[in-house]
Amino acid sequence: MRIANNREDTEKWANFLRSHPKGHFMQSPEWAAVKSNWKNVVVLSEGPDGVIEGGMSLLIRPLPVFGSLIYCPRGPVCGSDPRVLGDLTEGVRRVMETYNAVGARLEPDIDETDSEWLNAMEGLGWVRRPPKNAGDMIQPRSLFRLDLRGRTEEELLAGFHKKLRYNIGLASRRGVEITEGGVGDLTELCRLMEVTARRDGFVARDAGYFKRLWDAMAPEHAQLLLAKYEGETVAAGLFVTDCGKTWYVYGASSNERRNLMPCHLLQWEAIRRALARGDASYDLRGFLETEDDSSGLYRFKRQFGADLVHLAGELYLTNTPIKYRLYREAEYLRRLFLHLYSKA
């Protein structure tokens, strides 16, 4: 085990990440740059020949009272080899000590049924923590993921719900057009995000965040698509492409012209582009509501014929369990307050 400490290490990590089936954009150096208000440390596990066999990008956030928190979104990136997992865990413990961390928190891209991986982690001291509700997670635990491998546009469309196919056609027939945006169009995305946040009751990211994301990831790893009707932007989506996959990261729409179904056509265009790039999957990401058609976001995403994936959720490592539980209760109350405030 060792800590990456120079540009060469960062490049080796990025190359490993983008060649591994568990590669995820949230483990990339570019995503660490987006989260520039957190310190970034990369832990590597290498074989005797110096070849990387696993790794994890850690984000370190200073906390009042509790010291700091180590957070690893969608990592580690490795298989189930106990030696590699043990190596990485040793690195996390070292980073915890260096930064006086109350604990380390993972939300890995691991299916909840992967008992081999989970048992190995629990044997190393990691504890699974069931969420109080979907809003208790930083990353969604349940999500829709569309497998694109070996499929054609026609096959994908055939797997869509018939109402979705109708709405895609309707948007096109009514004159909705999808265009690719640039940095100057982030203002349109931010405007629509504010509209959507007020409508759906969440706190929107500020313009500085989206500019930072764009500067770190575009054009190679981030694309902005705009749905326009008669020159007016009525919907927008921000997509990340990395590791041979595409993620639908942010989306928003106007309160007007929703009857034209611009979001349906926007998603289809993003899927078509992912397919043309040869991406393995299109990740529609998650939802905060229950898994039934009373939830608008769930109902919208399930129409795409994607697999509903349930991930393992949170795993944590700590030397002070009581202090970590206090931190998590405080964090839960903070997020609950923000959620209630957004609805006020």
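Normalised by the number of residues in the chain, what is the relative contact order in percent for Cα pairs under 8 Å and 6+ residues apart? Spell out each step's value before the answer.
Working: 604 pairs, mean separation 75.8, N = 344.
The value is 22 percent.
If a/c stays under 1.5 just call it rounded; otherwise compare a/b with b/c (prolate if a/b is bigger, oblate if not). Do that for the range 43-99, with a ≥ b ≥ c from the square roots of the Cα gyration tensor eigenvalues.
Working: a/c = 2.80, a/b = 2.23, b/c = 1.26.
Taking the square roots of the gyration eigenvalues as a ≥ b ≥ c, the range 43-99 is prolate.
Remind me, relative contact order of the range 143-310 in percent, using alpha carbon pairs under 8 angstrom and six or more residues apart?
On the way: 270 pairs, mean separation 60.3, N = 168.
Answer for the range 143-310 is 36 percent.
Out of I322, F202, L308, whose Cα points farthest toward the positive end of the dipole of the chain (charges: +1 Lys, Arg; -1 Asp, Glu; placed on Cβ)?
F202
With 26 Å as the limit, write out which pairs from K22/K301; K132/K211; K35/K245; K22/K323 have Cα-Cα distances beyond it, or answer none.
Values: K22/K301 23 Å; K132/K211 33 Å; K35/K245 21 Å; K22/K323 32 Å.
K132/K211; K22/K323, as the Cα separations exceed 26 Å there.
Using Cα springs under 10 Å in a Gaussian network model of the chain, which residue among H161, H20, H310 shows the largest mean-square fluctuation?
With Cα springs under 10 Å in the chain, the top fluctuation among H161, H20, H310 is at H161.
Arrange the peptides 214-222, 39-47 so that the one whose residues have, on average, the most other Cβ atoms within 10 Å appears first.
Numbers: 214-222: 16.7, 39-47: 19.4.
In decreasing order of mean packing, 214-222, 39-47 become 39-47, 214-222.
What 222 nm value per residue comes from the helices of the chain, counting each DSSP H run with n ≥ 4 as -39,500 (n - 2.57) and dividing by all residues, nearest 500 deg cm²/dmol? Intermediate values should be presented prior to the final figure.
On the way: 11 runs with 134 residues, N = 344.
Estimated from H runs of four or more residues: -12000 deg cm²/dmol.
Which of the three applies to the range 143-310, rounded, prolate or oblate, going by the alpha-carbon gyration tensor with a ≥ b ≥ c and a/c under 1.5 meaning rounded? Working shown, then result.
Numbers: a/c = 1.30, a/b = 1.16, b/c = 1.12.
Rounded is the answer for the range 143-310, as its axis ratio a/c remains below 1.5.
Throughout, read-outs are computed from the coordinates displayed, never taken from laboratory work. All values reported here derive from a predicted model rather than from experimental measurement. Note: ideal-geometry Cβ built from the backbone for every residue, glycine included; neighbour counts use all protein chains shown.
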